[in-house]
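The values are calculated or read from the model by the stated rules, or taken from the named source; none is laboratory data. Quick caveat, the model's predicted, so the values are computed rather than measured. Methodologically, a virtual Cβ is constructed for each residue, glycine included, from the backbone with ideal geometry; neighbour enumeration extends over all protein chains shown.
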Amino acid sequence: MNKFPRIALLSFHTSPLATLGGSVSGGMNVYIREISKRLIDKGFQVDIFTRREGQELPLILELSDGLRLFNIDAGPPIVVNKNDLSSWIDNFTTSVKKTIENFDYDYDLIFSHYWLSMLAGETLANDWNVPHIGMFHTLAEVKLEALASENEPQERLEAERRLIGKLDRIIAATSDEEEIMRTIYGVPANNINVVPLGVGPDFFEERTQKQAREKLNFIDEDKIILAVGRVEPLKGLDVLIRAMSHIDNKLVYQLVIIGGDKAASTEIIRLKNIAKQVGISHKVKFIGSVDHSKLPVYYRSADVVAIPSFSESFGLVAVEAMASGVPVVASDVGGLALTVEHGRAGFLVQPGCSDQFGEKINLLLCDAKLRHKFARVGVENMKSYSWDAVTLQLCNIFQSLLEDRSKISITSEVAGA
Ligand code: UDP
């Protein structure tokens, strides 16, 4: 083992530096950014490998001392729909091996994100004889069951079923995810660690709503309902727009939607048409994607954050909103059902139910006392979700896998002697 254990972190289909809120870049990108810089502080070296998405990108980008990002050639050097990327996995794997062949160090473990990276990780872990740790972020079977997706490739379903049993350790974001892996996929409990996602200290910043609105040039008297995230049908923004017809006519409000890039333009047009049908086009503001570091001020400006997703494995936006002191109205699915304390920090409603969303948002908008009460509970509840704590748990898991591995190699050396 190296003195400073070296991790090869695979993020094949999206770079941690990608603009967030597009159609594929969200929670996973935030996760990789946040934990990788903290793993360095804990004494690990981290090389992140992603598929090159731009000709101009350098092969190696030094992000900080000990943390590098490799843009690996595999397929066209442009953004490609993730459902069309699996045929480039072998090229990616070969390019990773070729890129590092002249380096004078080895990797101690591989940490793969999303099923596509795991396909590459599987081969690399075999070649390098190192532990392979994986985080699925979402599972096709779970999305299909939530009727949140109609077109998960068969190849993904099959690959996930196979990979899930082959990883040396799976990191699940919630106990629900862990249960699904145990009961549906038959993974032994000791092969899964539940480590939730976190939130940075900047989201807990004390700033009044008025100050936040001044900074953003939002009208202080308006009520603001905020939605943040990738813009794709799974996120249920159509449900939220329709929910606005249940808001009290006397309330002056704006629905502010953060997220969405060029690839999301078809979905944005669809949503704008729905807003037109509902007669609220003038009240819906599409801001586009906002840099993660600038989000705390947007959250603080809101009266309610709505998360109408049909499926959500963790739902980082809910945690960020509650840490920022804003009540949430969220679908009763996945991680949201675990982080949002119903009736105390927010409301959980049936996914897809515009009337329930509208009713609960309206209730909060009309009752400042309730909002403040929920906000206080939310902030308190979120104090246990920190990226530092997440990283510490990951370090312990990595260390124990590395210790197990070195015991095995010592034993086999002795046996061979
Ligand atoms: N996000 C961002 N800027 C945007 C849109 C989203 O920084 O314009 C971040 C958001 O703050 C959150 C993540 O993207 O940290 C979305 O994570 P979540 O778990 O809610 O959804 P996912 O993308 O994983 O489905």
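Odds and ends about this structure:
- Matching residues, the stretch 234-251, being of a type outside the set (D, E, K, R) and exposed (fewer than 15 other Cβ atoms within 10 Å of the Cβ): 245, 249, 251
- Among the residues of the stretch 101-139, those identified as hydroxyl-bearing (Ser, Thr, Tyr) and assigned to a helix (DSSP H, G or I) are 114, 117, 123.
- Residue among 68, 33 that is closer than 29 Å to residue 201 by Cβ, modelled with pLDDT of 95 or more and either part of a helix (DSSP H, G or I) or within 16 Å of the ligand (Cβ to nearest atom) (or both): 33
- With respect to (1) within 30 Å of residue 87 (Cβ to Cβ); (2) surrounded by 14 or more Cβ atoms within 10 Å (Cβ to Cβ); (3) under 23 Å from the mean Cα position of the chain (by Cα), the lone exception for residue 145 is condition (2).
- You will find that of 375, 321, 337, the residue that is over 30 Å from residue 112 (Cα atoms) and small (Gly, Ala, Ser) is 375 and no other.
- Residue within the stretch 356-375 that is within 16 Å of the ligand (Cβ to nearest atom) and not β-branched (Val, Ile, Thr) present: no
- For the condition among the charged types (D, E, K, R), surrounded by fewer than 17 Cβ atoms within 10 Å (Cβ to Cβ) and within 16 Å of the ligand (Cβ to nearest atom), residue 262 qualifies.
- Looking only at the stretch 274-298, and only at residues there that are polar (S, T, N, Q) and more than 8 Å from the ligand (Cβ to nearest atom), the one that is modelled with the lowest pLDDT: 293
Every residue, every condition in (1) over 18 Å from residue 313 (Cα atoms); (2) out of contact with any Phe, Trp or Tyr (no Cβ under 8 Å at 6 or more places or on another chain); (3) away from the ligand (no atom under 13 Å from the Cβ); (4) not charged (D, E, K, R), yes or no:
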site	(1), (2), (3), (4)
6	yes, no, yes, no
37	yes, yes, yes, no
40	yes, yes, yes, yes
46	yes, yes, yes, yes
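- Considering each residue of the stretch 299-313 in turn, none proves to be part of a helix (DSSP H, G or I), within 12 Å of the ligand (Cβ to nearest atom), among the small types (Gly, Ala, Ser) and in contact (Cβ under 8 Å) with a residue 24 or more places away in the chain.
- Residue match in the stretch 17-24 (condition: closer than 16 Å to residue 71 by Cβ, crowded, with 23+ Cβ neighbours inside 10 Å, under 12 Å from the mean Cα position of the chain (by Cα) and within 12 Å of the ligand (Cβ to nearest atom)): no
- None of 234, 240 is modelled with pLDDT of 95 or more and either within 16 Å of the ligand (Cβ to nearest atom) or in contact with a His (Cβ under 8 Å, 6 or more places away or on another chain) (or both) except 240.
- Of the residues making up the stretch 211-225, at least one is modelled with pLDDT of 95 or more, buried (at least 22 other Cβ atoms within 10 Å of the Cβ) and over 27 Å from residue 81 (Cβ atoms).
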